[in-house]
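First up is the structure itself, then whatever we jot down about it.
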Amino acid sequence: MSANITSVLKESRVFPPSNEFVGHTLVNEAERHRLCEWAASDFEGFWAAQAESLHWFYKWDKVLDWSNAPHAKWFTGGLINASYNCLDRHLTTARKNKAAIIWEGEPGDTKTLTYQQLHHQVCKFANGLKQLGIQKGDRVTIYMPMTPEAAIAMLACARIGAVHSVIFGGFSAEAVADRNNDAKAKLVITADIGWRRGNVIPLKQNVDAALEKSPTVEKVIVFNRARNTGVHMKPGRDIWWHDLMSDVSANCPAEHLDSEHPLFILYTSGSTGKPKGVLHTTGGYMLGASLTHKWVFDIKDDDVYWCTADVGWVTGHSYIVYGPLANGSTVVMYEGAPNHPKEDRFWDIVEKYRVTVLYTAPTAIRAFIKWGDEHPKKHDLSSLRLLGSVGEPINPEAWMWYHEVIGGGRCPIVDTWWQTETGAIMIAPLPGAVPTKPGSATKPLPGIFAEVVDKEGKVVPANSGGFLVVKKPWPSMMRTIYGDDQRFKDTYWSNYPGIYFTADGARQDEDGYIWVMGRVDDVLNVSGHRLSTMEVESALVNHPKVAEAAVVGRPDDLKGEAICCFVTLKQGNAPSDSLKADLKAHVAKEIGALARPDEIKFTDTLPKTRSGKIMRRLLRDIAANREGAQDTTTLEDYGVLAKLRADEE
Ligand code: 7RM
């Protein structure tokens, strides 16, 4: 690893918790302080006390076993079930008939399931899984559209101790086959089709193609989403969801599972080579997901909570399914695209269901900005009280827009930093306790010991950039990469022994606030200075005509790397040479001559992952005029690359 990162971003706005929050949240400033101190002085006692919030069939013998680091065991000897925690324990309370999932399909169909109804469906489906021979420990692939059945399938696996591997519905047959094989999946749960922007995604057809190359898969369950598609059902292998459910009992006691029993595998792309199967286990993960959901979103029983992620992404696992359901929340779930049939679909949903807490991603926020304020302004968004952001650093400009246009200036924004690997939110403000600053995820949560260090592992001085690490284990940490423990150790634990390496760059300001500057791989090296791509992007995005920007380095004989910017304009603005000159001057003025772009390229779209993260490594090839030899399987839209390359000529 090379030297520290130079930070050039200037941002000094501070938003203290508003009167509606101070004194009314689950965790106030004093309580947050008490929790942090407690975790520092009695780490295991702190976590043991938090774990009391879950239902255990048997309370653990030992809180943490770190003797075999980096392999942690949390709540060893404890017996628990994730599905029981999400369902059964609410049935003896007033939440029994509370809406668990309020779902809206892309075509406009809707469905609501109370906790009791969801429990009924999950129990029946779990019995269906058993009928097909699925046993504790078996791996099950879930390749579904965003329907309640995806959550039912996950919870049914969890109920019987089967390990699910959810694959985002936008992935190809090839990706499904790779993941089936890596996990040695025995069963695939899918649907005939999924809807996306009015188009049909042929899920079952993709599964059929994948199964030509997935020898371990014995059975396929098919949910009938559209009821009109003539999908082929292979006799003896494929069974309709409704047929399976027609003749099973609704009595299915939850298995008493070891706290360290695997709950799921979730594949996440590595920068090179094959995807990593991140493995999470039960007790620690459930604690991380439920506790952070309660703390960060300040969840109350009358909240209508909407996380717009897909269940195929970790955010969907932790903050659509396991966290909110464990807390007995009402979850809104939406199947489709934010701009179908029109660009106001999200705001229509917020208004219709009176959503109070909204959790979405910077990529979506930048798209809304680009589409124009008239879409949210058509709707009554006064039910919103709290807004969340996740997935990428949020540019201060996008933060301000989210705050003002969506939040009406009254809703705190919780910018939540975490990873598939961390299982749950690690760095975020608690809305009644921590003043926010646009672009900063603020401070680590109580019990999380995140720091910014140099390459020797020494904490760097305030405001100098370094590497974000986590110094102590935490309950929802990943346990290994499925089938490749060596890669787990090499990737996360070899830079600093005993310390978790996040691969993100960050700085900590004079108030101890953490500003995540993006992946270490994305850092620019300009005339010996290491600059964060995100900071240059933020400077571009605060120009009134710019909607979105991606900045990469291009090899340069003189400077080491030249700064090359791909820029998307807001609707109604045209590319021109004078605008290019304008933007270069703007960046130089905002953050200094050092960061003055060498090249600006206008484009309609940027290459992104399916969860909306900009794929800068692909842009590096384009900027350098190299033919790419990179893994593009996580790319959302293959057309974008071809288009960007064509623009080069
Ligand atoms: C939840 C999720 C993880 C990477 C992470 C960061 C980036 C996510 C933020 C963020 C700045 C944030 N899981 N990231 N959230 N960067 N501020 N609030 O995204 O495994 O898909 O990605 O995403 O680089 O390491 S993930």
Quick check on this structure: which one of Ser464, Ser494 is surrounded by fewer than 21 Cβ atoms within 10 Å (Cβ to Cβ) and free of Cβ contacts under 8 Å to residues at least 40 places away in the same chain?
Ser494
Regarding His242, is this residue away from the ligand (no atom under 16 Å from the Cβ), of a type outside the set (Ser, Thr, Tyr) and in a loop (DSSP other than H, G, I, E, B)?
no
Cβ pairs under 6 Å, 6+ apart, first in segment 345-366 and on the phi < 0 side of the Ramachandran plot, second within 16 Å of the ligand (Cβ to nearest atom) and among the acidic types (Asp, Glu):
Pro362/Glu392; Arg366/Glu548
Out of the residues in segment 503-513 that are under 16 Å from Ala428 (Cα atoms) and more than 9 Å from the ligand (Cβ to nearest atom), state the one that is most open to solvent (accessible area, probe 1.4 Å).
Asp511
Within segment 516-529, which residues are within 16 Å of the ligand (Cβ to nearest atom) and open to solvent by 10 Å² or more (accessible area, probe 1.4 Å)?
Val516, Gly518, Arg519, Val520, Asp521, Asp522, Val523
Unmet requirement for Tyr58, which otherwise passes all of (1) open to solvent by 40 Å² or more (accessible area, probe 1.4 Å); (2) over 14 Å from Thr282 (Cα atoms); (3) in contact (Cβ under 8 Å) with a residue 40 or more places away in the chain
(2)
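For (1) of a type in the set (Val, Ile, Thr); (2) under 30 Å from Met477 (Cβ atoms), each residue gets a yes or a no:
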| residue | (1), (2) |
| --- | --- |
| Gly312 | no, yes |
| Tyr319 | no, yes |
| His340 | no, no |
| Val350 | yes, no |
| Phe368 | no, no |
| Glu404 | no, no |
Residues that are away from the ligand (no atom under 16 Å from the Cβ) and basic (Lys, Arg), at least 2 per element: which helices (runs of 4 or more DSSP H) completely within segment 319-427 meet that?
345-353
Just to verify a result, which residue in segment 603-612, among those that are open to solvent by 30 Å² or more (accessible area, probe 1.4 Å) and either within 15 Å of Thr568 (Cα to Cα) or among the small types (Gly, Ala, Ser) (or both), is farthest from the chain's Cα centre (by Cα)?
Asp604
Can you tell me which residue is farthest from Asp598 (Cα to Cα) among those in segment 517-541 that are touching a Pro at 6+ places or on another chain (Cβ under 7 Å) and of a type outside the set (A, V, I, L, M)?
Gly518
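Each row is one residue, and each column tells you yes or no for (1) under 34 Å from the mean Cα position of the chain (by Cα); (2) in a loop (DSSP other than H, G, I, E, B); (3) buried (at least 17 other Cβ atoms within 10 Å of the Cβ); (4) not aromatic (Phe, Trp, Tyr).
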residue	(1), (2), (3), (4)
Arg554	yes, no, yes, yes
Leu558	no, yes, no, yes
Ile563	yes, no, yes, yes
Asn573	yes, yes, no, yes
Ser578	no, no, no, yes
Leu583	yes, no, yes, yes
Glu590	yes, no, yes, yes
Lys601	yes, no, yes, yes
Scan segment 267-313 for residues that are open to solvent by less than 30 Å² (accessible area, probe 1.4 Å) and farther than 20 Å from Ile427 by Cβ and report the count.
16
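The values are calculated or read from the model by the stated rules, or taken from the named source; none is laboratory data. Treat the numbers as computed from the prediction; the structure is a model and nothing was measured. Ideal geometry is used to build each Cβ from the backbone, glycine not excepted, and the neighbour counts take in all protein chains shown. These accessible areas exclude ligands, DNA and RNA; they are computed on the full protein's heavy atoms, side chains included. Shrake-Rupley method; radii C 1.70, N 1.55, O 1.52, S 1.80 Å.
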